Amino acid sequence: MNIICNRDILNSAVTPALSAVSNKGTVQALDGFLLVADKTEGTLVICGYDLEKGVKVTVSGEGVQVNENGSIILNAAKFSSIIRNLPDGEVSVISDTNFAASIKSGKSEFTLHGLDPDTFPLMPELAGEKNLKISRRILKNMVASTLFSVGVNNSRPVLNGALFEIKNNEMNVVTSDGNRMSLSRSFEGLNSSEELDLSFVIPGRSLSELLKLIGDGEEPAEIELTQKHVIISFDNIIFFSRLIESEFLDYKRAMRIEPKTTVVVNTQSFLESVERAAILTDDKQRTEIRLNFIKEINIENKEEAGIVQITSSGSLGKVNDECDIEIYGDDLLIAFNHRYLYEALRAVREEKILIKLENAMKTLFILPYDEENKNNLENSMDTDGSKFIYLVMPTRMRD
């Protein structure tokens, strides 16, 4: 292999590929990049792959000169560090038959020992049977607003991933770790040449890396599906991940409650109160925070006026805080793991939210509040049009 490439172009290809390189060190080839130079096409391809997810970056055109075909595996951490620290200008990478690479730029020269490219693991076929396009901004926002409730090393492997449902130009992303659930819904930004009815589960670890790469522009990302993999393409990057081949839980069943209490609250004010109440909690003792939703007599004589008292008490001390609300229905006292509630509130982008509750042992629902349509203030449960829904399971209150 013999290439000459602009340092910045080469670095822009190495950086995203690094996110898919294995850090477990069990297979030497997985610690490296696969570099493939094609003189006919005038391309350099850099690929990282850890058997679960992979990133394939292609560079070509101005600033990329391929003088000789070839391929090699180079240690990803060392190669990326070398490229990042080279002086500005052109970089030459030349490999020999013993799989050693000479890397030069200006007065700097490195020799990096590599591996036979045939030892790189076989990658999946990067051409899907089903495909669609979606705005990168929408895809990124949907993943970012649900990823916090993906399971981590959950005993049910499917809960370690996010469910994607695509039907009738609508896409849902759903995650749950068994204690909470998140749903993000989009009615726009999808584009497909055929009517699709798909569902698949992508590992949370893969989605965490995708978020770092995809950006938030309106340009579309193309999503393709094979039987066992999802392939997401944008710019000069192909991101791919294996799918979790298990049936996701029946999340729609979890959304069936008969709310007795509906609350309207300013998101930021409530978030800050919960954050303050959590300061003296102790995770080892599983300190709960309690929410007491109550009506309040007020001088404006507004029947719906009320407060939510947020309290926590443990060996470290006590916290009392409160936040103004509108409340419809019954007063209610309920307790939660502070982190679960805080992370759900932090994911909300709307100024106000609806909170719906049935009793102290049933799930709390967080939904968007629509200033123009106040029909959902009644103690009913219509979630079909909600662009997001967050569920948090309560904890049993201690005496």
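Hey, among the residues in the range 98-143 that are assigned to a loop (DSSP other than H, G, I, E, B) and touching a helix residue (DSSP H, G or I) at 6+ places or on another chain (Cβ under 7 Å), which one's farthest from Ile223 (Cα to Cα)?
Of everything passing the filter in the range 98-143, Phe120 is farthest from Ile223 (Cα to Cα).
From the set of residues in the range 117-166 that are touching an Asp or Glu at 6+ places or on another chain (Cβ under 7 Å) and hydroxyl-bearing (Ser, Thr, Tyr), which is nearest to Glu224 (Cα to Cα)?
Among them, the one singled out is Ser135.
Go through Ile138, Ile103, Ile134 for me and flag whichever is under 30 Å from Gly89 (Cβ atoms) and among the β-branched types (Val, Ile, Thr).
Going through Ile138, Ile103, Ile134 in turn, the sole match is Ile103.
Take the range 257-277 and flag every residue that is farther than 16 Å from Val392 by Cα and touching a His at 6+ places or on another chain (Cβ under 8 Å).
Correct list: Ala277 only.
Under 7 Å between Cβ atoms, at least 6 apart or on separate chains: pull out the pairs that start in the range 75-97 with a residue that is under 12 Å from Gly114 (Cα atoms) and end on any residue that is loosely packed, with under 15 Cβ neighbours inside 10 Å.
From the range 75-97, the pairs are Ile94/Ser102.
Please return the ranges of strands (runs of 3 or more DSSP E) entirely within the range 1-97 where 1 or more residues are of a type outside the set (A, V, I, L, M, F, W, C) and buried (at least 20 other Cβ atoms within 10 Å of the Cβ).
32-38, 43-49, 53-60, 70-75, 90-95
Which one is surrounded by the most Cβ atoms within 10 Å (Cβ to Cβ) among residues in the range 156-183 that are within 14 Å of the chain's Cα centre (by Cα) and under 17 Å from Leu132 (Cβ atoms)?
Ala162
Identify all residues within the range 140-155 that are over 15 Å from Leu391 (Cα atoms) and touching a residue at least 40 places away in the same chain (Cβ under 8 Å); write none if there are none.
Within the range 140-155, Lys140, Asn141, Met142, Val143, Ala144, Val152 meet the criteria.
Within the range 238-253, is there a residue that is under 15 Å from Ile166 (Cα atoms) and touching a Pro at 6+ places or on another chain (Cβ under 8 Å)?
Checking the range 238-253: not a single residue is under 15 Å from Ile166 (Cα atoms) and touching a Pro at 6+ places or on another chain (Cβ under 8 Å).
If you check every pair at least six apart or on different chains, which have Cβ atoms under 8 Å apart with a residue in the range 119-131 that is aromatic (Phe, Trp, Tyr) first and a residue that is exposed (fewer than 14 other Cβ atoms within 10 Å of the Cβ) and outside any strand (DSSP E or B) second?
Close Cβ pairs (under 8 Å, with a partner that is exposed (fewer than 14 other Cβ atoms within 10 Å of the Cβ) and outside any strand (DSSP E or B)) do not exist here.
Read the figures in this text as sums done on the coordinates, not as results from a lab. Quick caveat, the model's predicted, so the values are computed rather than measured. Glycine also receives a Cβ, built like all others from the backbone with ideal geometry; neighbour counts cover every protein chain displayed.
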